[in-house]
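> Can you keep this structure in mind? I'll have questions shortly.
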Amino acid sequence: LDIRELYMSYYFNNSEIRIGKQVHSWGSVDENSPIDNLNGYDYYYLLLGGSEKKLGAYSLAYDVETDYFYDLLGATHKISFVYSPMHNTNRIPVNDPDYPIGLPSGSSPTEETTILNDNNPAEYALNIKSSFNFGDISLSYLGLYDRLFNLSGLTIYTDESFLGTVVEPVPRYSYRYTDVYALGAMLLFDDFTFSFDYALFESN
């Protein structure tokens, strides 16, 4: 049994708190937004559009809407925060004859062959969206790990006779930690709408 979403939601004043397994959709553009990375993807359904290919993430989400600065800026604001206590990865077919794209048997990362670059696997994100008469402008920050592993090396050792170096065919994987700083907008004109997302990625 695999439930994509199952969470509790509590509304109070102009705020909402959600906790559980959730699918998040961030960004100003409809598809392939560089900041829409809070969920992993299911490669079994990669050809589907929108959130249908996303995996639910166990997370805490908080949204609040305010017009506190309306007199100064002429805009209302929505602040969104997401926290996940665990690293969320993509689901990749492994040794599946019914799926033509996947990993061969034995090459899938395990706890013994995979490392995180930090002792804390938690991921989090913050988004501030301001709504004006001419459209929306948003600023975002995400702190998360790669959704796909990276090949970081092979195990190397010296044989008992010290005659040379032998490469053991056991790959080692790692997930880079990435800080994402993003700017997005959806601008309304009389005859058309212009949307964009721009993100700067800093990975370690």
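The values are calculated or read from the model by the stated rules, or taken from the named source; none is laboratory data. Computed from a predicted model, the values in this text were never measured in an experiment. Quick reminder, even Gly has a Cβ in these numbers, built from the backbone with ideal geometry, and neighbours come from all protein chains shown. Ligands, DNA and RNA are stripped out before the accessible areas are found, and what is left, the full protein with its side chains, is counted by its heavy atoms. Shrake-Rupley method; radii C 1.70, N 1.55, O 1.52, S 1.80 Å.
> Name the residue, out of 80, 33, 51, 15, that is polar (S, T, N, Q), in contact (Cβ under 8 Å) with a residue 60 or more places away in the chain and open to solvent by less than 50 Å² (accessible area, probe 1.4 Å). Spell out how you get there, then give the answer.
Working: 80 fails: in contact (Cβ under 8 Å) with a residue 60 or more places away in the chain; 51 fails: in contact (Cβ under 8 Å) with a residue 60 or more places away in the chain; 15 fails: in contact (Cβ under 8 Å) with a residue 60 or more places away in the chain.
Going through 80, 33, 51, 15 in turn, the sole match is 33.
> Could you identify the single residue in 135, 102 that is open to solvent by less than 60 Å² (accessible area, probe 1.4 Å) and either at pLDDT 95 or above or under 29 Å from residue 183 (Cα atoms) (or both)?
None of the other options fit; the residue is 135.
> Here's another thing I want to ask about it. Can you tell me which condition residue 68 does not meet? The list is (1) at pLDDT 75 or above; (2) closer than 30 Å to residue 171 by Cα; (3) part of a loop (DSSP other than H, G, I, E, B); (4) not β-branched (Val, Ile, Thr), and all the others hold.
Going through (1) at pLDDT 75 or above; (2) closer than 30 Å to residue 171 by Cα; (3) part of a loop (DSSP other than H, G, I, E, B); (4) not β-branched (Val, Ile, Thr) one by one, residue 68 breaks only (2).
> Also, quick follow-up: Give, as residue ranges, the strands (runs of 3 or more DSSP E) completely inside the stretch 158-204 that count at least 1 residues that are modelled with pLDDT of 90 or more and open to solvent by 60 Å² or more (accessible area, probe 1.4 Å).
Details: elements: 165-175, 177-188, 193-203.
In the stretch 158-204, the matching strands (runs of 3 or more DSSP E) lie at 177-188, 193-203.
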